[in-house]
Amino acid sequence: MYCKNCGNYIEKGQPVCPNCGSAQATAGKIIKRILLGMVICVLCVVIFGVAYFSYIEHKYSDGSNITNFLVGSSGSVLDDNDHINDIYIESEQQIEITSVFYEKFNEFSAIADIDLGIGYLTNVQVTLKVPILGSRQTDVKWDYCYSQKKYYADLKDEENTQKNYTEFEYKVEPEFTGRDIMNFIGVYDAYNVMQMGVTSITNTYDSFEYSVLWKYPNDGQIHQNWVRAEFDYANQQWVLKEPTAKMDNLLFSLIKKAGTFEIDTEYNQNDIVYIDLGGAGGAEIEE
């Protein structure tokens, strides 16, 4: 080989040039330098990665910088009434982040409350990957169980699995009384009620039907009528309409099957008839 300093020919194995005295790098030293350089590069990447993702975790951990990544996203959310709510996030004002959990790298899971217009979905799970290193893409999954890598709608029938506990709350509660319902049917004279309640409801919660089993005091004939309530979005109020579904829930089916009329002694025509979404008296979801 030749000296890298003066160009003089050097015999193989000589570490120093006999002409200028310059030390010559051997193949072993070159390999060591290459390996050292690689180790330094790896350490730099690791240190940068740890520092960068620590910054990412700190930046988004309070939730205030996450909501803008959710705008424009959509999904389906299963609530604890087994309603599947289709959502589309149009603005940050539609979302309130209540807690954030850092998972790994640029992945976060969070719990949010969502304004649906007619009401609120509370305790909704969402996972997302925030943009990093100049990327503009985000991966948002609504109602997704991060630990089990499945949507809650796919987990609802599985035993011993984590649940989402998402609840629905009306903005404007329907407050129709027994008198309102009977007057809409056209019954103004004295009557006896065996059962009155909400038997069916739409998946979107904005329409449902009351059903009532009743008869006149001196008449043996049992009547069943339905009255539909729909939400008027333009005027932000509930209105009564003619029924369309005419469904029975489990409780009404059992009462009708019994075939006897027993007066509901707790019925008061001035009491509000509330929506029951669970148990035997719960409203069935309309198709």
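Some observations on this one:
- For the stretch 233-272, taking the residues that are in contact with an Asp or Glu (Cβ under 6 Å, 6 or more places away or on another chain) and among the β-branched types (Val, Ile, Thr), the one that is nearest to Ser211 (Cα to Cα) is identified as Ile272.
Here's the yes/no breakdown for (1) aromatic (Phe, Trp, Tyr); (2) in the same structural domain as Leu155 (by TED's automatic domain parsing); (3) surrounded by 15 or more Cβ atoms within 10 Å (Cβ to Cβ):
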position	(1), (2), (3)
Ser76	no, yes, no
Ser91	no, yes, no
Ile97	no, yes, yes
Tyr102	yes, yes, yes
Ala112	no, yes, yes
Asp115	no, yes, yes
Thr127	no, yes, yes
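- The condition (being acidic (Asp, Glu), loosely packed, with under 13 Cβ neighbours inside 10 Å and not in a strand (DSSP E or B)) is satisfied by just one residue among Asp248, Asp219: Asp219.
- Tally of residues being of a type in the set (Phe, Trp, Tyr) and over 20 Å from Ser253 (Cβ atoms) across the stretch 186-240: 7
- Considering Tyr205, Tyr188, Tyr210, Tyr165, the condition of being in contact with a Phe, Trp or Tyr (Cβ under 7 Å, 6 or more places away or on another chain) and in a loop (DSSP other than H, G, I, E, B) is satisfied by Tyr205 alone.
- Remark: Tyr233 matches the filter, which requires a residue to be surrounded by fewer than 19 Cβ atoms within 10 Å (Cβ to Cβ) and either out of contact with any Ser or Thr (no Cβ under 8 Å at 6 or more places or on another chain) or within 17 Å of Gly281 (Cβ to Cβ) (or both).
- Within the stretch 222-243, restricting attention to residues that are free of Cβ contacts under 8 Å to residues at least 40 places away in the same chain and assigned to a loop (DSSP other than H, G, I, E, B), the residue that is nearest to Ala190 (Cα to Cα) is Ile222.
- Within the stretch 253-284, the only residue that satisfies the criterion of being within 23 Å of Val172 (Cβ to Cβ), hydrophobic (A, V, I, L, M, F, W, C) and surrounded by fewer than 16 Cβ atoms within 10 Å (Cβ to Cβ) is Ile272.
- Some residue of the stretch 250-260 being within 31 Å of the chain's Cα centre (by Cα) and at pLDDT below 95: yes
The values are calculated or read from the model by the stated rules, or taken from the named source; none is laboratory data. The structure presented is a predicted model; accordingly, all values stated were derived computationally and were not measured. When we count neighbours, we look across all protein chains shown, and the Cβ atoms used for this are built from the backbone with ideal geometry, even at glycine.
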